[in-house]
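The values are calculated or read from the model by the stated rules, or taken from the named source; none is laboratory data. Computed from a predicted structure; not experimentally measured. In this analysis, Cβ positions are derived from the backbone assuming ideal geometry, glycine residues included, and neighbour counts consider all displayed protein chains.
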Amino acid sequence: MSATNLVEEILVEETAGESKSIASQTFPDEVILDIENVSISYSGNPAVKHVSFPIAKNRITSIIGPSGCGKSTLLRSINRMNDFIDGVTVDGNFTYAGHNVYSRGIDPVEVRRNIGMVFQKPNPFPKTIYKNISWGPQINGFTGSMDELVEKSLRQAALWDEVRDRLHESALGLSGGQQQRLCIARALAMEPDILLMDEPCSALDPISTSHIEDLLFDLKRRYTIVIVTHNMQQAARISDYTAFLEMGDLIEFGITDQIFTRPNQKRTEEYVTGRFG
Ligand code: ADP
């Protein structure tokens, strides 16, 4: 089955019986990672239940839903960050490059190299700006020009002009918004396919937030982005696709515009119009 068919099939299934089906629209995106029937629990307590949706390549997918609905749990599972938490069980498939990232024989370090992560709170290393970028590639055996890689990564994260004269100063001297862009640059230096972002703007002021949103828009030309956000305006502004979770269930997945303007599920409508959550 081609990637396009796969997405169409999911959309057909989820919009079956609804008059305003988005399945009839052309849906040309390639699927880079397919989340299939994923359930995740902590010591037997389910946090994510039988969730399936595709992640389209070079697009931004938002995961939205009320606090505690499983957004971060699902996001962290995509690149096996949950491996570090005791008692986590992950069932189902995350099919990426033809393999389930949880299959035996798959190296989780390699998965995380290809699928990077940016966290809610900027977490630069207490080292220089330069070393924040160079450290990961260096331990991964990068043999090219490190200066070029550092510059390229900082440029891609729209930070180069602000830090080019202070590359060897501590990263901790940067503002919160700059630190978050540095963390994005650090993730990009590993040349990932997919960037996972867990509420990357929640600790930032509105101007830094708008910088990051503009940046994400640019980055999707080269990368695929999956972002967890509790900010619905942000999801509506920046994402191409939206998955709405509630209490661990996927209520609806679709093109962002449809989710926000013509949701198929009553629960989605109530959530996006602010009637609950
Ligand atoms: P969200 O990101 O939507 O706020 P989370 O994924 O953080 O939701 O949490 C989903 C559920 O899993 C919640 O009930 C939460 O208490 C539980 N949970 C999250 N992290 C852990 C953990 N490390 N150990 C045990 N339970 C957890």
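Figures for the structure shown
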item	result
Residue identified as modelled with pLDDT of 95 or more and either within 16 Å of the ligand (Cβ to nearest atom) or surrounded by fewer than 23 Cβ atoms within 10 Å (Cβ to Cβ) (or both) among Thr209, Thr256	Thr256
Any hit, segment 188-198, residues being more than 15 Å from the chain's Cα centre (by Cα), within 16 Å of the ligand (Cβ to nearest atom) and not basic (Lys, Arg)	no
Matching residues in segment 27-50 - criterion: being in contact with a strand residue (DSSP E or B) (Cβ under 6 Å, 6 or more places away or on another chain) and of a type in the set (S, T, N, Q)	Asn37, Ser39, Ser41
Answer residue from segment 52-74, given it is away from the ligand (no atom under 15 Å from the Cβ) and among the small types (Gly, Ala, Ser) and is surrounded by the fewest Cβ atoms within 10 Å (Cβ to Cβ) among those	Ser52
Residue that is nearest to the ligand (Cβ to nearest atom), among those in segment 75-85 that are modelled with pLDDT of 95 or more and charged (D, E, K, R)	Arg76
Yes/no for Leu149 being buried (at least 17 other Cβ atoms within 10 Å of the Cβ) and touching a residue at least 60 places away in the same chain (Cβ under 8 Å)	no
Search result, residues across segment 197-225 that are hydroxyl-bearing (Ser, Thr, Tyr) and farther than 18 Å from Ile55 by Cβ	Ser202, Ser208, Thr209, Ser210
Residues that are free of Cβ contacts under 8 Å to residues at least 12 places away in the same chain and not small (Gly, Ala, Ser), drawn from segment 165-191	Asp165, Glu191
Candidates Gly44, Gly92 - the one that is within 12 Å of the ligand (Cβ to nearest atom) and more than 29 Å from Leu215 (Cα to Cα)	Gly44
Condition met for Gln156 (in contact with a Pro (Cβ under 8 Å, 6 or more places away or on another chain) and in contact (Cβ under 8 Å) with a residue 60 or more places away in the chain)	no
Pair list, Cβ < 7 Å and 6+ apart or interchain, from segment 39-55 residues that are more than 15 Å from Asp249 (Cα to Cα) to residues that are part of a strand (DSSP E or B) and polar (S, T, N, Q)	Ile55/Thr61; Ile55/Thr224
Any hit, segment 50-66, residues being over 23 Å from the mean Cα position of the chain (by Cα), of a type outside the set (A, V, I, L, M, F, W, C), at pLDDT 95 or above and outside any loop (DSSP other than H, G, I, E, B)	no
Candidate set from segment 75-119 (those that are without any contact (Cβ under 8 Å) to a residue 60 or more places away in the chain and of a type in the set (Ser, Thr, Tyr)); member that is surrounded by the fewest Cβ atoms within 10 Å (Cβ to Cβ)	Ser103
